[in-house]
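Worksheet: the structure to be examined is printed underneath.
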Amino acid sequence: MRRLFAIWVTKFLIFAGKIIGKKGSSTPGTFSLKICPDILTYLSSQIKKDIIVVCGTNGKTTTNNLLNSMICASGNKTVCNNIGANMLPGVVTAFVNSANIFGKVNADYACIEIDEISAAKVFEHFKPSYIVITNFFRDQLDRYGEIDIILGFLNKAVNMCERAKLVVNGDDPLAVTFAQKSGKEFYSFGVSQDVGIALKETKEGRFCMFCGEELEYDYYHYSQLGNYKCKKCGFVRPKIDFDAINVNLDNGISFDVADKHFNVKYRGFYNIYNILAAYSVSKLVNVDVNNIDNVLNEYKPQIGRMQEFNINGKQVIFNLSKNPAGFNQAISTVLGDKRKKSIVTVINDRGQDGKDISWIWDVDFERFKDVNASKFYASGIRHNDVAVRFKYAELCNFEDVEGVREAIIKGLQEDIEVLYVLVNYTALFSTENILKDLEGTK
């Protein structure tokens, strides 16, 4: 009865949250755990085939949701926390939401995005069959600290899962080192050609984690991702199991993996990794991927993943950019768009963002000087800091506007074809509401 009561209360809270305009993705799970601490253990045990977990700094939500779409397209039923609520309460909410009022879950697979620090808490309730690691970058310094702290948390979690197999980004020496040190069976995905997009940016994994020697690269893609080797101890990029070649970034993304050709309209090189990771797991769990082209063409990105709006006849592209690697990739995407534009950058420093925003000095805002831009707007709680960063980047045409709505309206009033709005985490939902309101779709 306690389990049933927990499910009923949680379902009511999910419904009530949606009625009042909330996402209903985490808080209901908190109440569920208080009522019945083993509710997640009970519900997850009903998954018929595999539980797949996606971890890593950037790309978790897109990878997880693409994977979920691919598995569903093959006729399977899934549990998925597709809104991105990736801590224990959010995972509980996803499972309860998928259960019926009698506590029964009719699902073949579970596709679950999990925050690296929360993984060990979640794995107390279930053990995944596959753990995907997208990449490791610095993120939210006062919450996570440096990368070795993140690796420590995730290593503890992975060690709890005796039979789990890892699926890692083979272009990331940190992810590969983690997989090799774990002693677990692992598969890799990567891009085995120099596509000519390397930046002079801060690299997280400059040094070999086995011997401390600085890694040598044949080429970079971005940050520490690329074709690397250590001449001292012999650590080297592994043979890639799911390898992207013939990459073309003109007018979207196209590439080949073995005998499969991909051609999608997504923006951003990093989306190749998201697609590769999802495709890799789909192949490993032997689901039918014949409909994958339809899945990719019909897939609608979650909030703030190059999300598009049309306001007064002008396109607005809205993107979450919460750390240096993410921001630098967003800047690359903006540079690839030759239309005349304005850019709004919104930085907050609430708890989920991290109070320490010194990372903005590792973002290559200097490259904005090469953008065909009418004006740049520094906005959000830390708008003054962004304005200072713009000044040191020698951007002459910037304006300091604290209010996000005001900054967006001013940007749209410029003689432009497209407005880019780049935000960090706690500005995500409020900015989306502003854009929906201005578009008239709220």
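Farthest toward the positive end of the dipole of the chain, out of CYS36, ASN291, GLY84, is the Cα of CYS36, where the dipole comes from beta carbon charges about the Cα centre. Shown for VAL386, VAL53: other C-beta atoms within 10 Å of each C-beta, ranked fewest to most, produce the order VAL386, VAL53.
The packing ranking, built from the mean of other Cβ atoms within 10 Å per residue, places the peptides 290-296, 170-176 in the order 170-176, 290-296, highest first.
Net charge dipole, region 87-162: roughly 260 debye, given to the nearest 20, about the Cα centre with Cβ charges of +1 for Lys and Arg and -1 for Asp and Glu. Computed from Cα atoms alone, the Kirkwood hydrodynamic radius reported for region 80-143 is 13.1 Å.
With viscosity set to 0.692 mPa s and temperature to 37 °C, compute the Stokes-Einstein D of region 240-328, Rh being the Kirkwood radius across alpha carbon pairs; µm²/s, no decimals. So the translational diffusion coefficient is about 225 µm²/s. FRET efficiency for the ASP38 to ARG405 pair, using the beta carbon distance and R₀ = 41 Å, is estimated at 0.35.
Its alpha carbons considered, region 194-241 gives a radius of gyration followed by a Dmax of 10.8, 29 Å. Taking every C-alpha pair closer than 8 Å and separated by at least 6 residues, the mean separation divided by the residue count of region 207-356 gives a relative contact order of 12 percent.
Straight-line cross-link reach from LYS104 at under 18 Å between alpha-carbon atoms covers these lysines, not counting any fewer than eight positions away in the same chain: LYS11, LYS48, LYS49, LYS77.
Annotation: extensible slack from ASP337 through LYS121 equals 73.6 nm (criterion: 0.36 nm per residue apart, minus Cα-Cα distance). Diffusion of region 1-102 by Stokes-Einstein, at 20 °C in a medium of 1.002 mPa s and with Rh set to the Kirkwood radius over alpha-carbon pairs, works out to 152 µm²/s. Highest mean packing first, where packing is the average number of other Cβ atoms within 10 Å per residue, the peptides 420-433, 312-325, 358-371 line up as 420-433, 312-325, 358-371. The packing ranking of peptides 244-253, 180-189, highest mean first, is 180-189, 244-253, where packing means the average number of other beta carbon atoms within 10 angstrom of each residue. Taken as Cα centroids, region 10-80 and region 224-239 sit 36 Å apart, rounded to the nearest whole angstrom.
In the chain, Cα pairs under 8 Å separated by at least six residues give a relative contact order of 13 percent.
Calculate for the chain the 222 nm mean residue ellipticity that helices alone would give, adding -39,500 (n - 2.57) per DSSP H run of length 4 or more and normalising by residue count, nearest 500 deg cm²/dmol.
Mean residue ellipticity, 222 nm, calculated: -10500 deg cm²/dmol.
Computed with the Debye formula from one identical point scatterer per Cα of region 329-442, without solvent, the log10 of I(q)/I(0) at q = 0.11, 0.12 Å⁻¹ comes to -0.32, -0.38. State whether region 193-282 is rounded, prolate or oblate according to the following rule on the C-alpha gyration tensor (a ≥ b ≥ c being the square roots of its eigenvalues): a/c under 1.5 gives rounded; otherwise a/b larger than b/c gives prolate, and the remaining case gives oblate. Here region 193-282 falls in the prolate category. Average projection, convex hull of the Cα set of the chain: 20.2 square nanometres.
Every read-out reported here was derived from the displayed coordinates using simple, explicitly stated rules and does not represent laboratory data. Nothing here was measured: the structure is a model prediction, and the numbers come from that model. With ideal geometry, Cβ positions are generated from the backbone for all residues, glycine too; neighbour counts draw on all protein chains shown.
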